[in-house]
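All remarks here apply to the structure that follows.
No value in this document is a laboratory result; all are computed from the given coordinates. Keep in mind the model is a prediction, meaning the values are calculated, not measured. When we count neighbours, we look across all protein chains shown, and the Cβ atoms used for this are built from the backbone with ideal geometry, even at glycine.
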Amino acid sequence: MKNNSVWRKIVVDAKGRGCYFNAEDDKRLSKVILDSLVECGQLNDLLRIKSLIFKGARWKVIFKDDFWKSFVRIKGVVTRKDVVAILMKLATGWRDRPSRSRRKKLAITNGASSPLLKQNNVDGFYKLLWTIDIVKENKKHTQVIKILNVLPHMEIPRLAKNLDTIFGSYSIEKMSLCFRR
């Protein structure tokens, strides 16, 4: 619309006929677009911070490189769609509160990262792993969701051990900022 290309004429014509729909305002249309991006493998467009996934996000979301590598390796479209659905929920503030019986099954390690490492089941085989972290932007500390990886269950202890090294270097003050919501 902003430039005088053929698209401007098409959009004006569609609006005039009542055939123009804004995907950001229509949840069903947004879902179709998101599903199409997943099915076509347009993952970079899909997970951009300004994409439809993060419309209305309460949290800033940061993706680690390992997440991108693991997400691309997932071949199942249904599994990818599940990951995207969880990411959308997390960005808006949703947190899965496991029951007491499930908490025992979710235990990963007893190291420094245990209280900070969060996980969500994607399907019977994968888990989305994330944490709350602190980043410094413009001389201010901001709490963010850091999406770490999507891994099969058996690879999680190795990731947790690596995180122990990272979080072990945090000061007590910085660690406490990670726990606040």
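Less than 5 angstrom separates the built amide H of Asn149 from those of Leu129, all sequence-distant by 5 or more or on a different chain.
Here the spin labels are modelled as points 7 Å beyond Cα on the Cα-Cβ line, and at Leu29 and Glu173 they lie 4.9 nm apart. For the listed peptides 10-17, 142-149, a ranking on the average number of other beta carbons within 10 Å per residue, highest first, reads 142-149, 10-17.
To the nearest 0.05, what FRET efficiency results for Gln42 and Asp13 with a Förster distance of 30 Å applied to their C-beta separation? Given R0 = 30 Å and the Cβ-Cβ separation, E is 0.65. Exceedance of the 20 Å cut-off in Cα-Cα distance is limited, within the set Lys27/Lys89; Lys27/Lys75; Lys27/Lys64, to Lys27/Lys75; Lys27/Lys64.
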